[in-house]
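K.L.:
Sharing a structure here in structure tokens format.
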Amino acid sequence: MHIAEGILPAEWAVAWAAPAAVAVAVGLSRLKKRTVADPSFKSLVALMGAAVFAISLMPIPVPVAGSVSHPAGTPLAAIVVGPWASVVLAGLALLIQALFFAHGGLTTLGANIVSEGIAGSFVGFASFWLARRCGASLFRAGFLAGMFGDLAVYLATAFELGLGLFPWSGSLRGGGALFLAFLPTQLPLAVLEGVFTGGVLRSLAELRPDIARGLGLGRGDAVPPAPRDGRIRHHWRRGSRGVRVAIVGLAVLVAVVSLGGLLWAIALTTGDWVGIDAGIMERVAEERGRAAWTPFINTDVGDLLLFMFFGGAVAAGAAVGWVVQGMRARSPSGRASASGGHAGSHAGGGVGGSVGSGAARDDSTARASGRWRRGIWGLVGGVLVVLVLWGWLAPGLSLGPLDGAHLRTVARVIADPSGEQVLSARGGDAVLFAFTVAGLVLGVAAGWSASKRFAGGRPRLRLPRLHGSHDVRAGDRQAWKTTVLSAIDARVKLAVGAVLLGVNLVAGQGFSLLLLAVCLAVLLAVVRVRWIALVLRMLPALVVGVMLVVLRGLTIPGQPVILIDLPRLAPVVVSSEGLAAGFDLAAVVLAGVSLLLLLGLSTPLPALLGALRWYRVPGLLIDLGMLMYRYLFLFVEEAQRMRQAQRLRGPEVPWRRAMGGFNSLGANLLIRSYDRSQRVYDAQRLRGGERRP
Amino acid sequence: MMNSPWGGSSIDGSTVTFAHTGFVYPGGVRALDGVDITIRSGDFTAVMGANGGGKSTMLKLLVGLLHPSEGRVSVDDVEVGHDTFNQVAAMVGYLFQDPNDQLFCPTVAADIAYGPENLGLGGAEVERRVEWSAKTCGVFELLDRPIHALSYGQKKRVALAGVLAMGPRALVLDEPSSSLDPMAEAALMRLLKGLNERGLTVIMATHDVDLIPLYAHRIILLRGGHVAAEGPLAEVFAEGTHLEGCDLRLPRIAYLFDIFCDESTRPLTVGQARKELVRMVEQGRLDLVPILLPKERGGAA
């Protein structure tokens, strides 16, 4: 989600850097005060930061999307070390990510700190605080914090992009549209981040109540906190009923007022607010001189019928795919072929049975219930397939009460009881057939994969590798290699890099292309990065570049280059001016990212942090960065070892337990970082650390 | 040797005194009770005992990471306490069991320099100490490497280099040889022995009963927070009951000697055992042939 280097224009880069710098400065000054009262707090914050960084590399499987997600981590960090410290940590983590992965960037660092650091931390922290004051359990409060914090990060990102990419008058609408575009994938991810945050906090409180209390997560009626003298702790208490009612009322009022304010602001800028479809798409169509588009599922022209058949076909296909895959996995040949895969042996119930008699009994029970479930699904699927095909084939056939025409009539009555709408499917039977077949194919694929995933009646998962941990280590190794560039002082490299990134934003396409070419050539020839590694590292920027070209091509009016005339819909017009603008922006992004890669892959992070210290960046921030860098790798390795240990004791586990495993893994990382922070602080004191300025 | 942090070939080791020292953890668990011990300047002392016997607590009290609930701990004439923490830290070096706890700087050079910098030494002196410590501990080639790229054994050596660079007069080590391979362990112990011979007081907590007789002069056995036995090695090991009470065993060579020879003397190292065997053979009290050459003897018969 990080906004890539070069996307935001110079004025917005500066505009976002200002609040970010203020927030980080406030965070640092509060950290400094707290460090005076409790000198071990610095190491605690840095190690918690390293742990949260490692946690953010933990992929959480999203069965709905069939992919994995990474927790944003700032809501959790804000709860653990407080929102201001979390802003500082987020700033450091974003800087390290920009230099290690070229995720985010230096000119977009401010905007990213505002969204991920400020919005994520404070919304997460406020949700947790409110929920705890209302008496919510640690898990529920953590869940709300994780979910709202995650959504806040994306809301802020969407509006930052809206302001940066769209003209001022359309920025709110643009941002809103982008947020709505994020929502379908982000909403489940936000829920998962909530489950993760709540789960980690609950596991932490269960595994080490002393640490939970030390971090101020304990209940008000628990044993008093403060394991060390003078430590300042925030301490959550259940509020009285009156306080709770007042807080909830206030929260609702704030929500209503802000929502009303938002809508009012939108109405002010555009006259009225009629929704995304009518507001944005319609206007785009009007700009092309066409009529506004009709809804894609247009019940007036029979689309409901079309989609009923499509939906039926998906359901039928899914049932068939489920049953066939299950039968295939049970057959000896299927099991043999599936044994290399992750779910085949479980589908057959094979491996668990030999472990012990109890396990064998459980396994046979599961098999029996699995057979019943499959039988019912098979029956339902078969009936649906027959009905759907019959419905398509049947217009000319009549087989008594169950002929195709009859079926269509039933469907029409369900879809439109008043009978006022057009009854035939749009585009005729050919389109209906295409939709049905597409639905069947999709359904079979979905059912097949779901059957593998849900073998034994419950979703089973392998715990995936830590995403990005390889990149961190490989990038670090590369940075420590001796090349011609290593001889150049990091201060010089940093200054030149910052100037070039700034010029890149304002100079135009020619400069960006030249910068891109030079950076890539130096990376390949001097730094000796393997080209495949370079392509992989540039891939996110390439995707962003393509998106920018498409987005600008579609939204900026001008001479059409591509014109796709869709019947009854607004035409798809890609303008030459839009494409040119898109290529301009893509060149800036790619050049910026390649320069960041060059900086990150040719200079070790401690050298860059040392250079920042020379440029008078606050010493506390640099100390935190150095400690984070030192322990980042340790925690990534620890997370990897814990994950391996979990896998060795059960390569695949039900989804619920896998999620629990992730939560305890995250909690264990926090516990280890807490314990270690105390020892690191002791080690620093023993070598005279308290005398250090 | 002139480059060493002590400025000469000899080291003026510290004397450590525990006077009626007791310690109770906040949860109410008593870890040490009535410890009365003096570790003299230049001693190589091993602190041994079962897990939970109070070894680590004793070492932490010594450096001021914990403060005694009763009695007092002093290094030379300085009583260990809140006010004297930095003074004691400059006199006593502490090596953590896990080097990952101790190495918190990003690179080897930065970590070794951390302590000398805090002592307020000039840049040249810090560099000199870093170089000496790194060479002494065999990590000079690693100076520019990031800590996370080191092996566990290398991290142990870097941690020791960081402690030595401060020029301590006493060295406190918490299980320094754990997780080291035999060669690394021997190298570490030889280094400690060499420093001890120059006068450095070495206090080391360990479980390794085979290693201790090779290097240490004295031993402190802790059992349930009490001192079960204290004194020169031969005296403490001569009384096997002390060891059993502390969940320890005899060194293997002593155990082997007990099996084969019904002698009152109990060698603790291979070298001592060899000398004792030769003496016994020369006195005609032991016929080694049936033990060492059973086949040849059988064939001759």
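The values are calculated or read from the model by the stated rules, or taken from the named source; none is laboratory data. Everything numeric in this text was worked out from a predicted model, so none of it was measured. Positions of Cβ are backbone-derived with ideal geometry, glycine not excepted, and every protein chain shown enters the neighbour counts.
K.L.:
Are there any helices (runs of 4 or more DSSP H) wholly within segment A:99-167 with 3 or more residues that are touching a Lys or Arg at 6+ places or on another chain (Cβ under 9 Å) and not aliphatic (A, V, I, L, M), and if so which?
P.N.:
Here the list reads A:138-165.
K.L.:
Being within 14 Å of chain A (Cβ to nearest Cβ) and closer than 27 Å to B:V29 by Cβ is true for just one of B:D144, B:D174. Which residue is that?
P.N.:
The unique qualifying residue is B:D174.
K.L.:
Looking at segment A:600-621 only, could you name the residues that are more than 14 Å from chain B (Cβ to nearest Cβ) and not in a helix (DSSP H, G or I)?
P.N.:
Listed by number, the residues that qualify are A:Y615, A:R616, A:V617, A:P618.
K.L.:
Right, something else. Suppose the filter is more than 29 Å from A:G582 (Cα to Cα), crowded, with 16+ Cβ neighbours inside 10 Å and in the same structural domain as A:V588 (by TED's automatic domain parsing); does A:G545 pass it?
P.N.:
No, not satisfied.
K.L.:
Taking B:L121, is it aliphatic (A, V, I, L, M), more than 8 Å from chain A (Cβ to nearest Cβ), within 30 Å of B:L248 (Cα to Cα) and touching a helix residue (DSSP H, G or I) at 6+ places or on another chain (Cβ under 8 Å)?
P.N.:
no
K.L.:
Filter segment A:126-140 down to residues that are modelled with pLDDT of 90 or more and crowded, with 24+ Cβ neighbours inside 10 Å and give me whichever is nearest to A:A212 (Cα to Cα).
P.N.:
Result: A:F128.
K.L.:
A follow-up question, please. Yes or no: A:I232 at pLDDT below 70 and either touching a helix residue (DSSP H, G or I) at 6+ places or on another chain (Cβ under 6 Å) or in the same structural domain as A:Q678 (by TED's automatic domain parsing) (or both)?
P.N.:
yes
K.L.:
Any residue that is farther than 30 Å from A:D623 by Cα and within 13 Å of chain A (Cβ to nearest Cβ) - is there at least one of those in segment B:14-26?
P.N.:
Yes.
K.L.:
Restricting the search to segment B:62-103, which residues are more than 13 Å from chain A (Cβ to nearest Cβ) and touching a Phe, Trp or Tyr at 6+ places or on another chain (Cβ under 9 Å)?
P.N.:
B:P68, B:S69, B:E70, B:G71, B:R72, B:V73, B:S74
K.L.:
Let me ask you something else. Is it the case, given these coordinates, that A:T157 is hydroxyl-bearing (S, T, Y), touching a His at 6+ places or on another chain (Cβ under 9 Å) and in the same structural domain as A:G82 (by TED's automatic domain parsing)?
P.N.:
It is true that A:T157 is hydroxyl-bearing (S, T, Y), touching a His at 6+ places or on another chain (Cβ under 9 Å) and in the same structural domain as A:G82 (by TED's automatic domain parsing).
K.L.:
Another question about this same structure. Condition first: out of contact with any Lys or Arg (no Cβ under 7 Å at 6 or more places or on another chain) and either farther than 20 Å from B:L200 by Cβ or within 7 Å of chain A (Cβ to nearest Cβ) (or both). Now tell me which residues in segment B:104-118 satisfy that.
P.N.:
The answer is B:A109, B:A110, B:D111, B:A113, B:E117.
Residues checked against (1) among the charged types (D, E, K, R); (2) outside any helix (DSSP H, G or I); (3) surrounded by fewer than 17 Cβ atoms within 10 Å (Cβ to Cβ):
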{"site": "A:V573", "(1), (2), (3)": "no, yes, no"}
{"site": "A:L590", "(1), (2), (3)": "no, no, no"}
{"site": "A:V593", "(1), (2), (3)": "no, no, no"}
{"site": "A:L598", "(1), (2), (3)": "no, no, no"}
{"site": "A:D623", "(1), (2), (3)": "yes, no, no"}
{"site": "A:L627", "(1), (2), (3)": "no, no, no"}
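Residue-by-condition table, conditions (1) hydrophobic (A, V, I, L, M, F, W, C); (2) exposed (fewer than 15 other Cβ atoms within 10 Å of the Cβ); (3) assigned by TED's automatic domain parsing to the domain that holds B:L61:
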{"site": "B:E185", "(1), (2), (3)": "no, no, yes"}
{"site": "B:L192", "(1), (2), (3)": "yes, no, yes"}
{"site": "B:M204", "(1), (2), (3)": "yes, no, yes"}
{"site": "B:D208", "(1), (2), (3)": "no, no, yes"}
{"site": "B:I220", "(1), (2), (3)": "yes, no, yes"}
{"site": "B:F237", "(1), (2), (3)": "yes, no, yes"}
{"site": "B:F257", "(1), (2), (3)": "yes, no, no"}
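K.L.:
Follow-up. Go over the candidates B:G42, B:G64 one by one and state the one that is buried (at least 19 other Cβ atoms within 10 Å of the Cβ) and under 23 Å from B:A229 (Cβ atoms).
P.N.:
B:G42
K.L.:
So, one more: Sort out which residues of segment B:108-150 are under 22 Å from the mean Cα position of the chain (by Cα) and assigned to a helix (DSSP H, G or I), and write them in order of number.
P.N.:
B:I112, B:G115, B:W132, B:S133, B:A134, B:K135, B:T136
K.L.:
Working only within segment B:91-107, note down all residues that are under 21 Å from A:R630 (Cβ atoms) and either part of a helix (DSSP H, G or I) or not assigned by TED's automatic domain parsing to the domain that holds B:L59 (or both).
P.N.:
B:P99, B:N100, B:D101, B:Q102
K.L.:
Of everything in segment B:1-59 that's in contact with a helix residue (DSSP H, G or I) (Cβ under 6 Å, 6 or more places away or on another chain) and of a type in the set (S, T, Y), which residue is farthest from B:T206 (Cα to Cα)?
P.N.:
Only one residue fits best here, namely B:S4.
K.L.:
Step by step: first the residues of segment A:128-187, then only those that are within 22 Å of A:H2 (Cα to Cα) and among the charged types (D, E, K, R), then the one that is nearest to the chain's Cα centre (by Cα). Which residue is that?
P.N.:
Looking at residues that are within 22 Å of A:H2 (Cα to Cα) and among the charged types (D, E, K, R), I get A:D150.
K.L.:
To continue, here is another question. Quick one: which of B:N3, B:N51 is of a type in the set (S, T, N, Q), assigned to a loop (DSSP other than H, G, I, E, B) and over 21 Å from the mean Cα position of the chain (by Cα)?
P.N.:
The match here is B:N3.
K.L.:
Across segment B:156-168, which residue is nearest to A:R473 (Cα to Cα) among those that are in a loop (DSSP other than H, G, I, E, B) and within 11 Å of chain A (Cβ to nearest Cβ)?
P.N.:
By that ranking, first place goes to B:A165.
K.L.:
Right, something else. Just to be sure, is B:G153 under 23 Å from the mean Cα position of the chain (by Cα), over 23 Å from B:M58 (Cβ atoms), more than 10 Å from chain A (Cβ to nearest Cβ) and not in a helix (DSSP H, G or I)?
P.N.:
Spelling it out, it is not the case that B:G153 is under 23 Å from the mean Cα position of the chain (by Cα), over 23 Å from B:M58 (Cβ atoms), more than 10 Å from chain A (Cβ to nearest Cβ) and not in a helix (DSSP H, G or I).
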